[in-house]
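Before any comments, here is the structure.
The values are calculated or read from the model by the stated rules, or taken from the named source; none is laboratory data. Treat the numbers as computed from the prediction; the structure is a model and nothing was measured. A quick note on method: Cβ atoms are made from the backbone with ideal geometry, for glycine too, and the neighbour counts reach across all protein chains shown.
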Amino acid sequence: MKILIMGAGRVGTSVAENLVSEQNDITVIDSDPAQLQYLQEHFDLRVVLGDGSQVSVLENAGAADTDLFIACAASDSANMVACKIARQLFNIPRRIARIRSAEFPEHPELMSEEGFCIDALISPERSVTTYLQSLIEFPEALQVVEFAEGRVSVVTVRVGHGSPMAHSSVDKLRDVWPDVKARVIDVLRGGRPLRAGSGTVIAPGDEVVLVVDSDHARRA
């Protein structure tokens, strides 16, 4: 999965460290060259110097073929604007923003396509420790990342031959877990996203990325 992260501060660095893997192609944008140098020296990722809320910088960072955009700069307004640009100009399928203000989540209409095109919010208090605890709680998952103060989890699961997801189409997963609030947002096959539709059949070995109510994530 190709992931573009705006902001290389504490939160952005934590997110990058959590998501770096052989399956994830990470690019980080920031205006601080020293912080970018630190990331480049410690992690297998690409860095771009500049303001991530600028169209030219996003373009240079490869936004045109990005699968997931995470805006976690220090400024709420910059993160909101960047998500809108990511959607409207580059059609990035999924956009996540770090928002400090307690007022913004109270107005979900601002997150809509008519607003700032934000799919989910990331808590600035999200830590590496919490991330590792999540992996321990959900041992079958490759990744568990929580949003909306822990109420929602993005879970990446590798489908085994005995998994109830194997050989099921995306639109039939509700039959597999009828009482679980979950939505498939991507399927990776051989490390590459399929841009899965409702009729896509999940095969053993696939990695399925789901948005799940955190109370139900263990069942995924």
Worksheet item: residue 4 is checked against (1) modelled with pLDDT of 90 or more; (2) under 19 Å from the mean Cα position of the chain (by Cα); (3) not in a strand (DSSP E or B) and fails just one. What number does that condition carry?
Response: (3)
Discussion item. Condition first: modelled with pLDDT under 70, in contact with a Phe, Trp or Tyr (Cβ under 9 Å, 6 or more places away or on another chain) and of a type in the set (A, V, I, L, M). Now tell me which residues in region 143-190 satisfy that.
Written reply: 144, 145
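Matching residues to (1) in the same structural domain as residue 88 (by TED's automatic domain parsing); (2) under 12 Å from residue 70 (Cβ atoms); (3) modelled with pLDDT of 90 or more:
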{"position": "23", "(1), (2), (3)": "yes, no, no"}
{"position": "27", "(1), (2), (3)": "yes, yes, yes"}
{"position": "39", "(1), (2), (3)": "yes, no, yes"}
{"position": "45", "(1), (2), (3)": "yes, no, yes"}
Item to complete: Return the pairs, sorted by first residue and then second, in which the second residue is of a type in the set (Asp, Glu), the first residue lies in region 1-18 and is surrounded by fewer than 24 Cβ atoms within 10 Å (Cβ to Cβ), the beta carbons are less than 6 Å apart, and the residues are 6+ apart or on different chains.
Response: 1/67; 2/25; 2/67
Practice prompt. Tell me, please, whether a residue that is surrounded by 19 or more Cβ atoms within 10 Å (Cβ to Cβ), without any contact (Cβ under 8 Å) to a residue 12 or more places away in the chain and within 18 Å of the chain's Cα centre (by Cα) can be found in region 96-111.
Written response: yes
Practice prompt. Return the residue satisfying two criteria in turn: it lies in region 17-56 and is out of contact with any strand residue (DSSP E or B) (no Cβ under 9 Å at 6 or more places or on another chain) and part of a loop (DSSP other than H, G, I, E, B), and of such residues it is nearest to residue 86 (Cα to Cα).
Written response: 54
